[in-house]
């Protein structure tokens, strides 16, 4: 049978007699979009989780600053103790959402924690991906302590992570090995796709430390 | 319908050919995924919120408990200060009583002299080196010590350097005038001593026990504050580190000495401790309205509350005047008695402080002669041929205690010199007696001892002294702050440096949040938060946000604080445990949150061996001090849901230990 008559016959059959394949076509068109939206919602949910966790980390950091002017051992408080305590407390909270990659530069040791769950090597990742700034110290003559936390939240959902990274302000996120983020060389060079989340927390301090 | 193979084949073919619903399946999967993630966000968010709330609950609870603790300490410090002030007032009332009772004795003495020998009290004109003059005591002359131109100065007799202030101890107001000043002051002093000193004793006792009630109730009040605040902020159960043993008060009023001591007066139960006695002698007080307190006189023991046993209050009253000293009184022959007339008794060299207390009197007396048979008074001329009109003799009635001069008044022993010639033999026969109704007729110089000072020249208030003339106005008992029949002594509760370690450590627990038992169930560990707060020395500031400095190092009786201050907590320190107000030495207390992983946060056994934080956490979390109601009388075992977390975190091993 020659080819043209056969194609013509087939087209006629499809048009006249059957609709099989239409749904497949619709699926082929709709699936990528729907799948993308699904992934986007998943990633967005994770980002929301990240917001919550970073907010909690900021609270924990402020909580640590609140008491960090009292030295753990006899003697006067060492300079920088508040910064170290704030970062340690914040990273402790952020452990679950940080990468377990212990090779990240800038990682810190978990030693010195009041309560430390041994074997959790995410501590290094959290230290590398998090920057903690004490905005109002316990030793300051203020009614509160404040901590500002920046965390490079890992975007782990494929495809959409880059889209989320690009959608945000280029100055505040980066992706890939050559991303344009300027906040943390460790996470930038690691090739991780991140979105920087920023949260601050303030706690009342009804006493003066000094 | 009968099911046949052909029918099934047709149905299968229809199903294969019908593509309706395929997108529904895909949509369902998508929606399920989206719902799952949405729930994840919800669960994470609600758990995070709960965690923050739980930590806030723990913080608030610990801070509230420590505030209660700080208020308790401050209350005790304030009561100690009140105890010291009441005791100081008691000291002064008692000193008042001793001084004014003695001075009142002088006043009576002066009245007696003024009544019977008014010329004795006249001050002689012109100073005489080395002599003292008797000065009339009147409302304008506050000079009971007999020192011309000087006011009374407590402690002067003992070389004290207290500032001259006659009214040092006087708290009441006197009207004065008409010579009643001493009587009034004595009356006021006696009134205060009789009424206020017993009342003050009761006050001291009340304050003493009030402090102990506060101390004993502190752990329960702390616990109630912690549990109330913790539960109100969302916790399901609250654990409070047990502090009861450190605040224990025994039935006899003694306290547990781990963190406190009860001011035992350095082991002597008959004394109050030195700091209590010294408190208002060294700081300003409302009595004096001065910056510096007045010290009590040197003869008074401020710790036993009465005059020193061998150094009682003593005032010397000079019972002679310049004429006595110079012996310028006329003798019976009209001649001035020059030096040496009474040699041995008025020898200035032998007695540089002057003659013993006496005065010289000039007097004349008649004598009676007795019938040798009937011993009745007879006419002298008839029997003896001697006119008695110019016969001189002495009367025994000049004093009840004529002392060393008594012989001068004895007409028998001195008949040869005192009686006219010819009567000596009759005197030896006992026939010469003094005429009790005789009138003065001529003068005779003699010395007579003072009936008040008994010839000692002094009037002394020595409850336990040997002096014959003691001012004993208290029925033989020494004037004292304390009842001699009551062994009670006020004991201020003192703080040891270890009291700064009594951290209020709180754990709050609430179960984890989940969406459903199957879909996103709650985790098994629950939510545990720990917070510790501690008392610290508070430095009040104008804006109300005071500096609160907690201890960073405790060595012996000293505690070093975070602000660099070192607090001395020994038994003589005015800081321990008094209310530091208006610049006075003492302490104020506040509270603040402190790190959990800190040796000094936790009291008890870890102090010397290290690991106090680990042991403390172990006690706190695994102990039976969990509360689910603020009114619960005792704690319970940890919530069952906590067991998984306990096993997981192993509090004793996970808390950092310190080699301190």
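A few notes on this one:
- Ranked by the mean number of other Cβ atoms within 10 Å of their residues, highest first, the peptides A:153-160, B:633-640 come out as A:153-160, B:633-640.
- Peptides A:89-96, B:291-298 ranked from most to least packed by the mean count of surrounding Cβ atoms within 10 Å: A:89-96, B:291-298.
- Pair residue A:37, residue B:373: separation of 7 Å Cα→Cβ label points (nm): 16.5 nm
- Potential lengthening between residue B:633 and residue B:217 on full extension [0.36 nm per residue; Cα-Cα distance subtracted]: 148.5 nm
- With a cut-off of 16 Å on the backbone N, the residues of the stretch B:498-542 near the modelled label site 7 Å out from residue A:141 along Cα-Cβ are B:539-542.
- Other protein chain C-beta atoms within 10 Å of residue C-beta, averaged over A:25-35: 2.
- Take B:250-263, A:193-206 and order them by the average number of nearby Cβ atoms within 10 Å per residue, most first; the result is A:193-206, B:250-263.
- Ranked B:52, A:192, criterion: other C-beta atoms within 10 Å, fewest first: B:52, A:192
- Contour excess over end-to-end distance, with Cα ends at residue B:32 and residue B:49 and 0.36 nm allotted per residue: 3.6 nm
- For B:41-49, mean number of other protein chain Cβ atoms within 10 Å: 5
Read the figures in this text as sums done on the coordinates, not as results from a lab. The structure presented is a predicted model; accordingly, all values stated were derived computationally and were not measured. Cβ atoms come from the backbone with ideal geometry, glycine included; neighbour counts cover every protein chain shown.
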